[in-house]
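Just below is one structure, and these are the notes that go with it.
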4 protein chains.
Amino acid sequence: MPGSTFGQTFRITTAGESHGTGYVVIIDGVPAGMPLSVDDLQPDLDRRRPAQSKVTTQRKERDEPEILSGVYEGQTTGTPVAIVIRNKDVRSKDYADIKDKYRPGHADYTFDAKYGFRDYRGGGRSSARETSVRVAAGAVAKKLLASLHGIHIVGYVKQIGELKTEVFDPAAVTLEQVEANIVRCPDPQVAEQMIALIERVRGQQDSIGGVAEIVATGVPPGWGEPIFDKLKADLGKAMFSLPAVLGVEYGAGFRVATTRGSENNDVFVAQHQSIMTETNRHGGMLGGISSGMPIVLRCAVKPTSSLPLEQRTVTRDGEPTMIRTKGRHDPCLLPRFVPMAEAMMAIVLADHCLRGRAARMREE
Amino acid sequence: MPGSTFGQTFRITTAGESHGTGYVVIIDGVPAGMPLSVDDLQPDLDRRRPAQSKVTTQRKERDEPEILSGVYEGQTTGTPVAIVIRNKDVRSKDYADIKDKYRPGHADYTFDAKYGFRDYRGGGRSSARETSVRVAAGAVAKKLLASLHGIHIVGYVKQIGELKTEVFDPAAVTLEQVEANIVRCPDPQVAEQMIALIERVRGQQDSIGGVAEIVATGVPPGWGEPIFDKLKADLGKAMFSLPAVLGVEYGAGFRVATTRGSENNDVFVAQHQSIMTETNRHGGMLGGISSGMPIVLRCAVKPTSSLPLEQRTVTRDGEPTMIRTKGRHDPCLLPRFVPMAEAMMAIVLADHCLRGRAARMREE
Amino acid sequence: MPGSTFGQTFRITTAGESHGTGYVVIIDGVPAGMPLSVDDLQPDLDRRRPAQSKVTTQRKERDEPEILSGVYEGQTTGTPVAIVIRNKDVRSKDYADIKDKYRPGHADYTFDAKYGFRDYRGGGRSSARETSVRVAAGAVAKKLLASLHGIHIVGYVKQIGELKTEVFDPAAVTLEQVEANIVRCPDPQVAEQMIALIERVRGQQDSIGGVAEIVATGVPPGWGEPIFDKLKADLGKAMFSLPAVLGVEYGAGFRVATTRGSENNDVFVAQHQSIMTETNRHGGMLGGISSGMPIVLRCAVKPTSSLPLEQRTVTRDGEPTMIRTKGRHDPCLLPRFVPMAEAMMAIVLADHCLRGRAARMREE
Amino acid sequence: MPGSTFGQTFRITTAGESHGTGYVVIIDGVPAGMPLSVDDLQPDLDRRRPAQSKVTTQRKERDEPEILSGVYEGQTTGTPVAIVIRNKDVRSKDYADIKDKYRPGHADYTFDAKYGFRDYRGGGRSSARETSVRVAAGAVAKKLLASLHGIHIVGYVKQIGELKTEVFDPAAVTLEQVEANIVRCPDPQVAEQMIALIERVRGQQDSIGGVAEIVATGVPPGWGEPIFDKLKADLGKAMFSLPAVLGVEYGAGFRVATTRGSENNDVFVAQHQSIMTETNRHGGMLGGISSGMPIVLRCAVKPTSSLPLEQRTVTRDGEPTMIRTKGRHDPCLLPRFVPMAEAMMAIVLADHCLRGRAARMREE
C-alpha cells in the first residue's frame, strides 16, 4: 500500500514533486458548512515559504494556492477540498551532479534502492517542498478546530545549537510573540542570539540543527483511541513524517528516564467544575487520550544536509567522489519547520475530533 | 474509526481487557508457507510476562497462547492467524478504590471523559497486559523477517535513572548478552548497578524511568514509503502506541540539535559491492526509507505511575482524596518493555517488507 | 493488503477455518453504553446453523458464542468486542478425495493458485461456516441500529427455482412471517411448494438456486458517502462477499433495462412533515445516499456446488477424474442465506450510521 | 470516514464538482518504471465525453487531462500520479429551478438531508462528470495490466430496452467491434436498432435503460482475497459506485435462481498444461478468487433521470411543484457508461494484481 494518504476521518492525500508541474492535496472529510477561502491558507503558506527572511533559503517562490473543489458560495460542502499549488521558480539548472551522485543525508540513494531510479531534480518527491500542501491542509484543520472547540495551535523554536529558551508556560505563547522575529523564538533575547548564530553558520558554509515545541490549547478531554491510534501515536507519526525530524517527545519527554514516579506523576485537582492536573509533565495525554491539559510536544530537527561545503560521497556505481550543493538552502531548518509541524498537529487533532464522535451511543 | 488495528499488509487487530476473559490478536497478511507453532511465540511471551524476576511485578500469570486459525500442518496458510491468550490470575479484589478515584498518570480519567464510564478492573483496555498479544504477533513478524531476509531485532535497556551504558556498536549486541541478566542491559557491570537501583527504588515504594534502545540488522535498503508512511513515521507511531513512552529518537536523535551539518551527515562509501555509510547518525533511514544500515531507535519510558506511596488525587465528582496502589507493580518498566518494543518494530518491518513488493513493475 | 476486515467505523475482522479450532470476530467501533450479552447473538446464530430443518444440511453443530471482550457489567465499553465460536462437530473423516481433486464450483483450485497449497478440510477458510461470526457481528449491528434509530432488517426467500413470490410491500414483511416456515418465505403457500421442491431436488442428489430479498426500514435520509462509499456500493460489496452470490440488485434492479425514465423515476411528495417518494423503484438510495424510503435489495444465490451426484473434474496434476461429495450439504442455500445477508446489511448500515456523524460541522 | 478513496495498493482519490474549477484524481501506488503520458489517457476520455455522437448529450466539453506529478522523463516514478481535468463548458445558466426543487431520481434531496445544503449546479459532486478522472485513472490501470500480464478489458452494450444481443463468446469481443458504432454494441445489426430506439425515445422527451457487459481476459488464477475483499465483492462495489447502476451480476447471474447444481457447475479440465473450466457460468471467479477464465459481469443501468418531460416533485419546503430539465442530457446512458465501467474494472484488477504479491513467502 502506498503512503501518500494520512488520517482516517479528516484525511489528506498529497501528490507532487519539487520540479514537476506542481502539488495537490485532497482533503476528504471536511464537514459541510465551514466558511473557507484561499485567504485562510495564505498566512501559513507565507510562514513556510522560502526566501521569507535572511535566515532561510533565498529560493524565491510564493506559494499561491488554488481551491479546486469542495467550496461553494464560500462554504465547505462536505465533499473533498482539493488545493493545487503550482511550481514557479523551477530553475532549469544542470542536475547532472546529483543525478549520478548520492547527496549525504538525503534520500537519493534510498529512492534508487526502492524504485530503481528517481526524479532527482531538487529531490523530487522527497523535497520538503511537499510540505506546502500539508501546510494548506493544516490551515483548513486549524480553522475547523478553532470554529468547533476554540482550539489554538502555536509552535516555536526552542533551541538552535546550544542556544535554548525555557518558556515558563508553553500554553501562554502567542502567535504574535512567535512571529515577532524571523527565527520564530518567542524569547526576544534568545531569538537575537539565534539569528546571529545562524548567520555565522551560514558564513561557514555549514548548517545547524535545533528543537521546536508545538502546543495545542483547548483540546477537550477524551480525544484519541486507546490502543494503536493513541493521540500520542498519531502525533508521533505525523511529526516523524516531516523531513529531518530525528526525535519527538511529549511533556517531560526524555527527562522521565531520570525521574521517580513520585516526582513525575501529575496530581489531579478539580477547578471551576472541571478536572485537571496541577502540572503537565504528561504533555496533555494519558493512556494516549487527551486529558484536557495543553498538548505539548517537541521535535528534534537535524541540520540541513545540503551544504555549500564539499562533502565526500559515492556515485551510483559506487565510485568515490566529492559533492557540493550550490546555492539556495536553509542554513537552519527550524524557522520554516514551525508552520509544518503546527499543520501536522492540526491535521491529527481534526481527525480525532471527528473520529471521537462515534465513541458513545449518543452524541452529547 | 476505531483504533485497534495496526499495519496495512501485515496487519494486526487486538481485543481484550486486563480482567476480562482474555485477549485475542488477529494477524492478517501472514504469507502462506511459513512454519509456525506456539513454540515460536512462547519465548518472547516469557520475556514479557510479569513475575519473571525480582525486578518486575510479582503478579503471576504465564501467558499461554492458543493458535486458533491460519496454520495447517505446521505451516501458515495465507489466511489470518488468530492467537488467544486467556486471563488467569484475575484476582477478585476490591476495586472500589479505583472505581471512583482517578489514579495519577493512568488513563482512568481520560477513558471516563471519552466513553462516559469504564471497565476499571486493572485498567481494563488501557492495561499494559494488552501488549501480550502484540508480543505474540511480533514473534510471528520476527520469524517472517528472519526467514525472508535474515533480519534480527534486538532491544536492550540503555538507561535507568542516571545509570547509562554506551554500547559502542548497537548492531553487535546479541540476544544472549541481553538475556544474561534480569534487567536486560547488555553491559554486565551497569546491569548490576541498575538492579541495585531498582531494588532501592522499590524499597522506597517508588518507581523509576529509563531508556531502551532497539536495533534491527539486515534490513535491505528501500523499505518505507516516501511521505506519510516513512519507516521512521510508522516506527514512531508503533513505539508511541506502547504504554508509558514519552519520547522516541533515531540515530543521533535529540543530539542533532547541537550539531552542524558537516558533522552530522553520514558519508556514503562502497564496500563489498554495496553502498553504505561510514557512520550511522541517521539511524538506518534516509528520507524515511531504509538505507541498509542498522535501524537504531530509543524510547524514553516513564516511571510506573502506580505507586505503593500515597498520592493526592480526586474522585469522579472532583472531591479531593488520597490513593495508594496496593500490590503488584513493576518498580521499573524497562526490563519488560524491551520485548514489547522489539515486537512493534518487527510488526512495522514485516508490514513494509510486504508493502515494498508493489514498488516496481516487476519484482526482483 | 489482506482482506479479512470490513467496514470503517463499525469494523469487523474475522479469522478461522471450517475444521480448525474455531472462529473469532473482532468488532471494533461499537459505541460505549449499549447493553449486550450472548443472548443477543444466539437467535440469529440459530437461524444460520446447519441441521435446523429437513431442508438444510444435517451436519450438527450449534454455534455457541463466547464474548471475550468489550462488554462490562452487561454494557459495551467502547473497546473492541471479540466473539469466539469454537468448532465442535469436526469429523475426522478422510479428506484424501478433495485433497488432490478440485471440486467443481468451489475455491479449491483458486486457493491453490493463490497460496500454493490449502487447508482442504471442509473448504478451510472458504467454508461458509465463516459466516457464523459475521452473523454474530450482525446481531450486534442490528441491536445498535434498533436502539439508535428504530431500524429493522428483515430478509426472506423470494424465489427458488421457478417458484417465486411477489410480496406486495417488502417493507411490511415481519420476522414472524419469515420464521413461520422452514424455508423462510413469507408467503405460506409458495413456501410449501418450495419445501416440496427442495425435497424433490435432494432426492435427485442435486441442488437448486434462488433469490433472497433483504429489507431495511427506518433508515433516515442522508446515510452513505457520495462517490465510492455509496451505500449501494458498500451493500453491494457486502452481499458479494457472501459465498454463492452471483447477482445483486436494488429496487427495480435489472428491470430498469426495459423501462423509460418517465416510468422509472419515483415522484417526491411531502407527507407528515417529511419528504418521501410515492413509489420505491430506486430501492431507498439516490446518488448512493439513503432517501428515507425502505432499502430493498435482492441477491441471486447459486445452487450448492457440492453434490452427491458424481461430477467430472481434474486432480492437482491435471488428470481427469470423478468426484462425489459424500454427505451433509444443503440442497438449497437460501433458507440459511437469509440471516447471513441480514447480518451484512446490518454491518454496513451500522458503519454508515457512525460515519455519518462527521458530515456536518455540528451534530444535530 | 469520507468516501472519495478507492483501492488499497493501487489507490485512487478524486475531488471535484460539475460546475466548479475542475476535477483531480491522485493515483497512489503506480509502480515505478511504466511509460506514461497524456496520450495514454485521451482515447478513453474521448469515449466517455459528452457530445461524442447523436445518441449522447450535446453538452460540449472535451476532457483534456494534465499530468501534474508522478511521471519523469516519460516513466512513472513510483510516487503518486495526479491528473487534473479543468471544467470548461460551464454555462452560467439559471439554476434557481433546481436550487429549490428536488429532481426525481437525482441526489438533490439526499445531499440536502446529509449535508444541510448542496452545490446544486449541475448536480455538484453527484454529477457523472466525476467519472472523467476515474476513466483517466482506469487508463493507467489498463496500461499496467496490459504491460504486466497481457490483460485486456472490453465493455459493450448488451441490451437497451427490449433490444438485446447474445454475444456467443464475450471473451472474443474486440475494442474495434465495440467502437465500430456509436452505441457500442458489438452486434452491428442490433446496434442499428438500438440507435433508432434511442432516437425515438429522445423524440418522446424520454430516456431508456439498458445493460452493459464488461469482460477481462488474461487475468491469471489466484487474484482476490478470500473473505471480504473477494474479487467479485470489490468489482461489485466498483460497479455500484458508478451512477445509475441498479444491478450487477457475474457469469450466469440471476439465471442461477432457476438452475440445478448439476447444470450450473463448471467442469474442470486440463488444457495446454493449465487447468481451466469447460464453461464459464462462474464468471471467472471461484470463492471470490480469479480462476484464470475470463471475468464477465453485467450492470443494469437505469434510464436517465433528467427528462425534458415535465415531472411532478416538491420544493425544499415540501410544496408540490413541477420540474422539467432543459437541455443537454443523454437519452440513454449506456454508450458512455461502457468506458466508465471498464475503468473501474481495471482499477480493481490493478489493485489486486499488486495486492496479490504478498500472498506467499517468496514471489514467483
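The values are calculated or read from the model by the stated rules, or taken from the named source; none is laboratory data. Small disclaimer: the values here were computed from a predicted structure and weren't measured. Every residue, glycine as well, gets a Cβ built from its backbone with ideal geometry; the counts of neighbours run over all protein chains shown. Please note that ligands, DNA and RNA were not included when accessible areas were found on the heavy atoms of the full protein model with its side chains. Shrake-Rupley method; radii C 1.70, N 1.55, O 1.52, S 1.80 Å.
Output yes when any residue across the range A:261-270 is out of contact with any strand residue (DSSP E or B) (no Cβ under 9 Å at 6 or more places or on another chain) and under 21 Å from A:L349 (Cβ atoms), and no when none is.
No, there is no match, as no residue in the range A:261-270 is out of contact with any strand residue (DSSP E or B) (no Cβ under 9 Å at 6 or more places or on another chain) and under 21 Å from A:L349 (Cβ atoms).
Can you pull out every residue in the range A:12-33 that is among the small types (G, A, S) and within 7 Å of another protein chain (Cβ to nearest Cβ)?
Listed by number, the residues that qualify are A:A15, A:G16, A:G20, A:G22, A:G29, A:A32, A:G33.
How many of the residues in the range C:317-341 are free of Cβ contacts under 8 Å to residues at least 60 places away in the same chain and crowded, with 22+ Cβ neighbours inside 10 Å?
0
Hey, any hits in the range D:77-90 for a residue that's crowded, with 19+ Cβ neighbours inside 10 Å and at pLDDT below 95?
Looking through the range D:77-90, at least one residue is crowded, with 19+ Cβ neighbours inside 10 Å and at pLDDT below 95.
With C:F254, C:F268, C:F240 as the choices, which residue is surrounded by fewer than 24 Cβ atoms within 10 Å (Cβ to Cβ) and within 7 Å of another protein chain (Cβ to nearest Cβ)?
C:F254
From the residues in the range A:1-11 that are buried (at least 24 other Cβ atoms within 10 Å of the Cβ) and out of contact with any Asp or Glu (no Cβ under 6 Å at 6 or more places or on another chain), which one is modelled with the highest pLDDT?
Checking each candidate, the answer is A:F6.
Got a number for residues in the range B:271-329 being under 24 Å from the mean Cα position of the chain (by Cα), within 8 Å of chain A (Cβ to nearest Cβ) and not in a loop (DSSP other than H, G, I, E, B)?
6
Within the range B:1-11, count every residue that is in contact (Cβ under 8 Å) with a residue 60 or more places away in the chain and either assigned to a loop (DSSP other than H, G, I, E, B) or more than 7 Å from chain A (Cβ to nearest Cβ) (or both).
Looking only at that region, the number is 5.
Taking the range A:155-190 on its own, how many of its residues are assigned to a strand (DSSP E or B) and in contact (Cβ under 8 Å) with a residue 60 or more places away in the chain?
Residues flagged as assigned to a strand (DSSP E or B) and in contact (Cβ under 8 Å) with a residue 60 or more places away in the chain within the range A:155-190 amount to 5.
Which condition breaks for A:T110 when tested against (1) free of Cβ contacts under 8 Å to residues at least 60 places away in the same chain; (2) over 23 Å from A:L333 (Cα atoms)?
Result: A:T110 passes all but (2).
Just give me the residues in the range C:12-48 being free of Cβ contacts under 8 Å to residues at least 40 places away in the same chain, farther than 22 Å from B:V38 by Cβ and either open to solvent by less than 10 Å² (accessible area, probe 1.4 Å) or not charged (D, E, K, R) (or both), in sequence order.
C:S37, C:V38, C:Q42
Inside the range B:130-161, can you point out the residues that are open to solvent by 10 Å² or more (accessible area, probe 1.4 Å), more than 23 Å from B:G33 (Cβ to Cβ) and among the basic types (K, R)?
Selection gives B:K158 alone.
Looking at D:A139, D:A128, can you tell me which residue is within 30 Å of D:D100 (Cα to Cα) and away from chain A (no Cβ under 14 Å)?
Of the residues listed, the single one that is within 30 Å of D:D100 (Cα to Cα) and away from chain A (no Cβ under 14 Å) is D:A128.
Within the range D:238-254, is there a residue that is in contact with a strand residue (DSSP E or B) (Cβ under 6 Å, 6 or more places away or on another chain), among the β-branched types (V, I, T) and not in a loop (DSSP other than H, G, I, E, B)?
yes
Look at B:V201 and say whether it is within 13 Å of another protein chain (Cβ to nearest Cβ), among the hydrophobic types (A, V, I, L, M, F, W, C) and surrounded by fewer than 24 Cβ atoms within 10 Å (Cβ to Cβ).
When the stated conditions are applied, B:V201 passes them.
Just for the range D:213-229: of the residues that are within 21 Å of the chain's Cα centre (by Cα) and open to solvent by 10 Å² or more (accessible area, probe 1.4 Å), which one is nearest to D:D187 (Cα to Cα)?
Among residues in the range D:213-229 that are within 21 Å of the chain's Cα centre (by Cα) and open to solvent by 10 Å² or more (accessible area, probe 1.4 Å), the one nearest to D:D187 (Cα to Cα) is D:T217.
Looking at the range B:60-77, is at least one residue among the aliphatic types (A, V, I, L, M), in a helix (DSSP H, G or I), touching a residue at least 12 places away in the same chain (Cβ under 8 Å) and touching a Ser or Thr at 6+ places or on another chain (Cβ under 9 Å)?
Looking through the range B:60-77, none of the residues is among the aliphatic types (A, V, I, L, M), in a helix (DSSP H, G or I), touching a residue at least 12 places away in the same chain (Cβ under 8 Å) and touching a Ser or Thr at 6+ places or on another chain (Cβ under 9 Å).
Taking D:R357 as the residue in question, decide whether it is closer than 30 Å to B:P31 by Cβ, assigned to a loop (DSSP other than H, G, I, E, B) and of a type in the set (D, E, K, R).
Answer is no for this residue.
Do we find that D:S127 is under 25 Å from D:R49 (Cβ atoms) and either touching a residue at least 40 places away in the same chain (Cβ under 8 Å) or surrounded by fewer than 24 Cβ atoms within 10 Å (Cβ to Cβ) (or both) in this structure?
yes
Would it be correct to say that D:A350 is more than 10 Å from chain C (Cβ to nearest Cβ), out of contact with any strand residue (DSSP E or B) (no Cβ under 6 Å at 6 or more places or on another chain) and either in a loop (DSSP other than H, G, I, E, B) or not aromatic (F, W, Y) (or both)?
In short, yes.
Out of the range C:244-292, which residues are free of Cβ contacts under 8 Å to residues at least 40 places away in the same chain, among the aliphatic types (A, V, I, L, M) and in contact with a Lys or Arg (Cβ under 6 Å, 6 or more places away or on another chain)?
Result: C:A252, C:V256, C:V267.
Answer with yes or no whether D:A216 is outside any helix (DSSP H, G or I), modelled with pLDDT of 95 or more and more than 13 Å from chain C (Cβ to nearest Cβ).
Judged against the criteria, D:A216 is a match.
Here is a yes/no grid of residues against (1) out of contact with any Gly (no Cβ under 6 Å at 6 or more places or on another chain); (2) within 19 Å of C:P226 (Cα to Cα); (3) of a type in the set (K, R):
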site	(1), (2), (3)
A:S18	no, no, no
A:V30	yes, yes, no
A:D44	yes, no, no
A:R48	yes, no, yes
A:S69	no, yes, no
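On the basis of being touching a residue at least 24 places away in the same chain (Cβ under 8 Å), in contact with a Phe, Trp or Tyr (Cβ under 8 Å, 6 or more places away or on another chain) and surrounded by 20 or more Cβ atoms within 10 Å (Cβ to Cβ), does A:M344 make the cut?
Judged against the criteria, A:M344 is not a match.
A quick yes/no check of all residues on (1) open to solvent by 60 Å² or more (accessible area, probe 1.4 Å); (2) more than 21 Å from C:T56 (Cα to Cα); (3) not aliphatic (A, V, I, L, M):
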position	(1), (2), (3)
C:K164	yes, no, yes
C:V173	no, yes, no
C:E176	yes, no, yes
C:V183	no, no, no
C:D187	no, no, yes
